[in-house]
Amino acid sequence: MPRIPARFAPFLSVTSDGGARLSVQELEQALPTAPAEEVTTLRNQALDVVADGSALEKLIGTTPATPSPGPISALRDHPATRDWLDGNVELTKTSPRELIQLVQRALMKIGAHHPDARNRPELLMLPWGADGSLGNATVAAINAALAIAGRTDLTVSAPTDLMSWEVAEVIDGLLATTPRILHPSLINVPPPSTPVVTPPPAPTQPDPVIWGRQMIPTSVTGLDGKWTNVLAKTDAEMPQWDTPSTLSPAARYLRNELEGIRNQSPAFQLQRVNSLVNGWLFASDASNYGVEDYWASPLEFMAKQRGDCEDYCMVKYAALKRLGFTEDQFKLLVVIEKSTGRAHAVLSVKMPDGEYILDNLNTSARKVEDVVDTAGQPRYHPLLAFARDGKWLFVPPA
């Protein structure tokens, strides 16, 4: 049995009394110091215990790009093992080197990837790969495979024993139930005898429905400029919240309140931020800025201590971000208030138990399904939704 060069000893992980093997990580540490010819040999010998295609690709990237045999997929894919499986030859210590190597590679694949073989270190014999010699380690691996398959009646005693087609059938059956390993295209891995059935793709999730309307992605809306502008202003302001001396009195007050609830639960923070921000006055854009529809940034709102619906949304958005809420939790919804027919904006926040609506017309944040009128019908008719990574239209469900 060949030996690993002594300088690789520090990188070995013992897996059984019969030997040791190099892990992918250990190989990567060892390879840069090795001469090219030894790297190629070691790479070829260790191929069957590489865990996955990406690890193998990384490993090969540090070595000469010469094709190497991959883990065997089925005994019938190779003439030598096919003859054994068909009963034309028997496996023994004097069998051709190619046949023994193929059997060793099959056993190591079973040991590394079969779900019932993870606790069978005997199957990870020959740490430096399939060497083509039928010794005690290979016999122990064959017996481990027979035990997994419940065929201990075929147990082998010594390398000199003759192993018939029945043993081959057991190994081939275990290979058939071992997950296929995908390797880079430069590796010449024979296709399996039985075609691999690719599972159908998971069904796509339908677009969410809010207040009886379906949310579908869109690329353009009439409010894109206002949303992009206010988001950019809000981003630019975020560092200022860390310098209290630069903030208006109202912003400093809000900042201090946020620090006071930083260690509270996200559910508590959500409710507290909604009620805090709603404590400031509502004012139209015309009275605040002299224009009909101006989307103010959070610090602009705090400087005036008043604003309209979308301004409340942006202050709440900035406050929750400071508390650690993430971008994928937020959407600004543009809606129509059914009772008045007026346009309105609310902030939607995704929480573990559902989606909550933060509304300047309600002191408490409520789940979307609880935002209803006195008749139990949705209070709002949704039109548009905006988030960092997208925009949506609301349409009748398909």
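The values are calculated or read from the model by the stated rules, or taken from the named source; none is laboratory data. The model shown is predicted, which means the values in this text are computed figures rather than measured ones. Ideal geometry is used to build each Cβ from the backbone, glycine not excepted, and the neighbour counts take in all protein chains shown. All accessible areas refer to the heavy atoms of the entire protein, side chains included, with ligands and DNA or RNA removed. Shrake-Rupley method; radii C 1.70, N 1.55, O 1.52, S 1.80 Å.
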Next on the checklist: Consider region 327-342. How many of its residues are in contact (Cβ under 8 Å) with a residue 12 or more places away in the chain, open to solvent by 30 Å² or more (accessible area, probe 1.4 Å) and more than 31 Å from the chain's Cα centre (by Cα)?
Outcome noted: 3
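Within 26 Å of Leu361 (Cβ to Cβ) and either at pLDDT below 90 or open to solvent by less than 30 Å² (accessible area, probe 1.4 Å) (or both): which single residue out of Pro200, Pro208, Pro190 fits that description?
None of the others qualify; the one that does is Pro208.
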Item to check | Hits in region 250-264 - residues which are part of a helix (DSSP H, G or I) and either among the hydroxyl-bearing types (Ser, Thr, Tyr) or open to solvent by less than 90 Å² (accessible area, probe 1.4 Å) (or both) | outcome: Ala250, Ala251, Arg252, Tyr253, Leu254, Arg255, Glu257, Leu258, Glu259, Gly260
Item to check | Checking Val349 against (1) loosely packed, with under 12 Cβ neighbours inside 10 Å; (2) assigned to a strand (DSSP E or B), the condition it does not meet | outcome: (1)
Checklist entry - Considering region 293-313 alone, what residues qualify as being assigned to a helix (DSSP H, G or I) and either out of contact with any Leu (no Cβ under 8 Å at 6 or more places or on another chain) or within 17 Å of Asn362 (Cβ to Cβ) (or both)? => result Pro298, Glu300, Phe301, Ala303, Lys304, Cys309, Glu310, Asp311, Tyr312, Cys313
Item to check | Any chance Asp359 is open to solvent by less than 20 Å² (accessible area, probe 1.4 Å) and at pLDDT 90 or above | outcome: yes
Next on the checklist: Yes or no: region 223-242 includes at least one residue that is in a loop (DSSP other than H, G, I, E, B), touching a residue at least 24 places away in the same chain (Cβ under 8 Å) and more than 23 Å from Ala303 (Cα to Cα).
Outcome noted: yes
